[in-house]
Amino acid sequence: MLRLLERLWGSREGDLSALWHRIVEIAREPHWYADRGVADSVEGRFDMVTAVTALVLIRLDREGDADAAARLTELFIDDMDGQLREAGVGDLVVGKSMGKLVSALGGRIGVYKEGLATDDATLAAAAERNMTRDHPGESALPLAQGLRALAADIDKAPLADMLAGKIDR
């Protein structure tokens, strides 16, 4: 019903749908899985989408753009809700599952923000705790370095470009 209303009166996404699609595109880049140890699984892909979303939300927080942050979070929620339903999760469980997914996003914003503000070891520890990995015992340092480089790419994009989904890699 909500999607029908959005079609009739316009989407709540505004200009952030391109940003959301770019976030998902970045999260699907093969190097995260082949070179940086993220598990190429449903859980690993969720972890990457959440990590990239968190990095963008950290930038939006720094910019003081609460409106864009709220709209991006809505896109995250809408997409995850759709993914759960597509996977066959029933209505009775979707709400509880969504609460856990949004909580995971909030937690990751905090630990990645802290890790980015300190050193690679702190960021690697955060990534180790919050990413489903192929080989959990291996160092998460390459993953942390990749996240730090991505955060730098997100930060160097002019805000209007980033909001339009233009994040150069």
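Taken one residue at a time, the phi angles of the stretch 151-159 give Karplus couplings (6.51, -1.76, 1.60, θ = phi - 60°) of 4, 5, 5, 5, 5, 7, 6, x, 3 Hz. Gly and Pro are set to x. The lysines whose alpha-carbon is closer than 21 Å to the alpha-carbon of Lys100, local same-chain residues fewer than 8 away aside, are Lys113.
List the aspartates and glutamates whose Cα lies under 13 Å from the Cα of Lys166, skipping any in the same chain that are fewer than 8 positions away. Cross-link targets: Asp15, Glu25, Asp153, Asp155.
Values in this text are rule-based calculations from the coordinates and carry no lab data. Keep in mind that what you see is a predicted model, and the values were worked out from it rather than measured.
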